[in-house]
Structures are given as C-alpha cells and as structure tokens.
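A.B. asks: Sharing a structure here in structure tokens format.
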Amino acid sequence: MADTKYEGEYYCVKCKEKRHAVGTVVVNAKGTRMAKAVCPECGTNLNRILGKA
Ligand SMILES: [Zn+2]
C-alpha cells in the first residue's frame, strides 16, 4: 500500500521558497498521487505531485 503521509520539501508559492512539511497523500481522478500540506510559515496550502499511483 502507498504511504498516506509524505514528509519532505514542498514549494510554497506565497513564500516563494521550499518548505519542509508533513502532508497527506491523496490520489486524484487521473490516478496521480499528490501530497497536500500546509506551509509552516504562512499557512498556505502546499501541493506536491508525487507521480502515478
Ligand atoms: Zn509559505
């Protein structure tokens, strides 16, 4: 089974910097795994594409 958590670097579009965060892995309708987290600095939602499930 795929991990349901992803810990690593996310790019924050608001800070314009990479942020280390722990997020939840979800699979969208196209079968692409995405990690969703929240920027620890500004609270913006962060998304990272992980690839095909
Ligand atoms: Zn941020």
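The values are calculated or read from the model by the stated rules, or taken from the named source; none is laboratory data. Owing to the predicted nature of the structure, the values given are computational and were not obtained by experimental measurement. Glycine gets a Cβ as well: all are built from the backbone with ideal geometry, and neighbour counts include every protein chain shown. These area figures cover heavy atoms from the full protein model, side chains too; ligands, DNA and RNA do not enter into them. Shrake-Rupley method; radii C 1.70, N 1.55, O 1.52, S 1.80 Å.
A.B. asks: What are the extents of the Cα atoms of the chain along their three principal axes, listed from largest to smallest and rounded to whole Å?
C.D. replies: Here the spans come out as 31, 18, 13 Å, largest first.
A.B. asks: Can I ask one more? Pairs of Cα atoms under 8 Å, at least six residues apart: use those to get the relative contact order of the chain, whole percent. Write down the numbers at each step before the final one.
C.D. replies: Details: 110 pairs, mean separation 16.6, N = 53.
Computed over the chain, the figure is 31 percent.
A.B. asks: Oh, and also: Fully extended, how many nm does the chain gain between Val38 and Tyr11 (0.36 nm per residue separation, minus their Cα-Cα distance)? Intermediate results must be reported in sequence, preceding the final value.
C.D. replies: Numbers: separation 27, 0.36 × 27 = 9.72 nm, distance 1.05 nm.
So the extension gain works out to 8.7 nm.
A.B. asks: Which order do peptides 43-52, 24-33 fall in by mean Cβ count within 10 Å, highest first?
C.D. replies: Details: 43-52: 13.3, 24-33: 11.7.
Final packing ranking: 43-52, 24-33.
A.B. asks: Give the carbon-plus-sulfur fraction of the accessible surface of the chain in %, rounded to a whole number; probe 1.4 Å, heavy atoms of protein chains only. Please list the in-between numbers first.
C.D. replies: Details: 2020 of 3880 Å².
That share works out to 52 percent.
A.B. asks: Give the lysines whose C-alpha is closer than 16 Å to that of Lys30, dropping any in the same chain fewer than 8 places away, or say none.
C.D. replies: Lys30 reaches Lys52.
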